[in-house]
Amino acid sequence: RHIMDDMNRRDFIKGASVGTLGAFLASGGIASTFLRDRLIPKPAKPTVEIGELKSIHVKCITETSWFDNYVQQQDFKKAGGALVQQYDVKFSHTGVKEGFEGDNAGGYSALIEFEFMNGDRKKVLLDTGWNNKWMTKRFEEEGIDAMLRSGEIDTLIISHDHYDHYWGIQTTLQWKPDITLYIPDSFRKESYQLLSGADFPKPPISNTVPFKGELKKFALKKVHKIFPGVSLVAFDCPCGRGVFGEEVLVCNVAGKGLVTISGCCHMGLLSLLNFTKNNFIGGDKIYGVYGGVHISPYDNWNPANDDLVRSINNYHVEKLGVNHCTGYITVEKMIAAGVPVIKGTARNKTKRDLYLGNGDEIFF
């Protein structure tokens, strides 16, 4: 694998430590005003060089990780509360009116197509969702199944092993069991077992198609260059439910600037933007953001978040394709503050058109 020279570990920890605490607070849907430029130490100058690529096309396969917020919260409460780990939770899979066939489980997954400077293209999946029935439906509707069978998609990146990003691993493996898999090296032991074909009766989840491909583990606290103009930044942040560590794509689009693509952004949006700005060559221009930004995912708005939302404009980002664990109240606040949010079409069981939903696309 192609891995950049290790960043100075001390600089990485300084750049990410504020986001780590922010992620802890955000696990309850709370973000804090302490996530500011002046509180994140800057290195002498950006040193990370990843090259350039021509463009990035992102299709949201599904951002609907669960269909009913209240049901989701009650599942955790019944299992033991905020600190319960995910494999110990009995999730609701029947009787949910808003769900898919009564199931509250959905999933997060995106198709990313990179166009490189020489004209070559590469398609990868970011995450593989949760509910295998729901994910199979969405993969078939967007043609992902055919792309996997033909080898047009040969790489799956798992941002982190949360249930809604990873437990649908069978959905991908059923069409390409030998896919190349990128994961953070902080995976739980149960997550490795699921990959090998284990089942867990309590949630319940299972995988009947054991993984047969190449597994690439990416160390936390480092930046890994994976393609020309494309890197994975592995943050050592707590994600909640017993999961630790999240990978975020940071890419450099020629003539435009840097683009971040996240699953949940548990390290905190402003921490991610600051880390990108302060460490990557070209970080003075952050062009775009896609994915979850983990601000009030259950729409339980905290007034402290108002300051955070207003701060986004300080980075002069041109396109924000937010979705997933970004609450609708958050997006309403962003739009009111003049943040350039790209709206969606409210189809395929996405409830509102405020942000990019299931089947929507964004181009960088």
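Yes/no matrix, rows are residues, columns are (1) without any contact (Cβ under 8 Å) to a residue 40 or more places away in the chain; (2) open to solvent by 10 Å² or more (accessible area, probe 1.4 Å); (3) over 22 Å from residue 110 (Cβ atoms); (4) hydroxyl-bearing (Ser, Thr, Tyr):
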{"site": "182", "(1), (2), (3), (4)": "no, yes, no, yes"}
{"site": "188", "(1), (2), (3), (4)": "no, yes, yes, no"}
{"site": "191", "(1), (2), (3), (4)": "yes, no, no, yes"}
{"site": "197", "(1), (2), (3), (4)": "yes, yes, yes, no"}
{"site": "215", "(1), (2), (3), (4)": "yes, yes, no, no"}
{"site": "219", "(1), (2), (3), (4)": "yes, yes, yes, no"}
{"site": "289", "(1), (2), (3), (4)": "yes, no, no, no"}
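Testing residue 239 on (1) at negative phi; (2) surrounded by fewer than 24 Cβ atoms within 10 Å (Cβ to Cβ), one condition comes back false. Which one is that?
(2) is the only condition that residue 239 fails.
Counting only residues that are in a helix (DSSP H, G or I) and among the small types (Gly, Ala, Ser), which one in region 297-345 is farthest from residue 259 (Cα to Cα)?
304
Checking residue 303 against (1) closer than 29 Å to residue 101 by Cβ; (2) modelled with pLDDT under 95: exactly one of these is not met. Which one?
Status for residue 303: all satisfied but (1).
Being aliphatic (A, V, I, L, M), under 20 Å from residue 243 (Cβ atoms) and without any contact (Cβ under 8 Å) to a residue 24 or more places away in the chain: is that true of residue 156 here?
Spelling it out, it is not the case that residue 156 is aliphatic (A, V, I, L, M), under 20 Å from residue 243 (Cβ atoms) and without any contact (Cβ under 8 Å) to a residue 24 or more places away in the chain.
How many residues does region 300-322 hold that are in contact with a helix residue (DSSP H, G or I) (Cβ under 9 Å, 6 or more places away or on another chain) and under 18 Å from residue 108 (Cβ atoms)?
Residues in region 300-322 being in contact with a helix residue (DSSP H, G or I) (Cβ under 9 Å, 6 or more places away or on another chain) and under 18 Å from residue 108 (Cβ atoms): 2 in total.
For region 58-112, enumerate the residues that are closer than 30 Å to residue 289 by Cβ, of a type in the set (Asp, Glu) and open to solvent by 50 Å² or more (accessible area, probe 1.4 Å).
98
Take residue 348 and tell me if it is modelled with pLDDT of 95 or more, open to solvent by 10 Å² or more (accessible area, probe 1.4 Å) and not in a helix (DSSP H, G or I).
For residue 348, the condition - modelled with pLDDT of 95 or more, open to solvent by 10 Å² or more (accessible area, probe 1.4 Å) and not in a helix (DSSP H, G or I) - is met.
Can you tell me which residues in region 246-264 are touching a residue at least 60 places away in the same chain (Cβ under 8 Å) and either among the polar types (S, T, N, Q) or within 19 Å of residue 82 (Cβ to Cβ) (or both)?
246, 252, 262, 264 - these are the residues of region 246-264 that are touching a residue at least 60 places away in the same chain (Cβ under 8 Å) and either among the polar types (S, T, N, Q) or within 19 Å of residue 82 (Cβ to Cβ) (or both).
Can you report the number of residues in region 135-156 which are over 20 Å from residue 357 (Cα atoms) and outside any helix (DSSP H, G or I)?
Count: 6.
What single numbered condition from (1) crowded, with 24+ Cβ neighbours inside 10 Å; (2) at positive phi; (3) part of a loop (DSSP other than H, G, I, E, B); (4) not hydroxyl-bearing (Ser, Thr, Tyr) fails to hold for residue 266?
(2)
The values are calculated or read from the model by the stated rules, or taken from the named source; none is laboratory data. Every value quoted in this text rests on a predicted model; they were computed, and no experiment measured them. Cβ sites come from the backbone with ideal geometry, for glycine too, and all protein chains shown count toward neighbours. Accessible surface areas use protein heavy atoms only, side chains included; no ligands, DNA or RNA. Shrake-Rupley method; radii C 1.70, N 1.55, O 1.52, S 1.80 Å.
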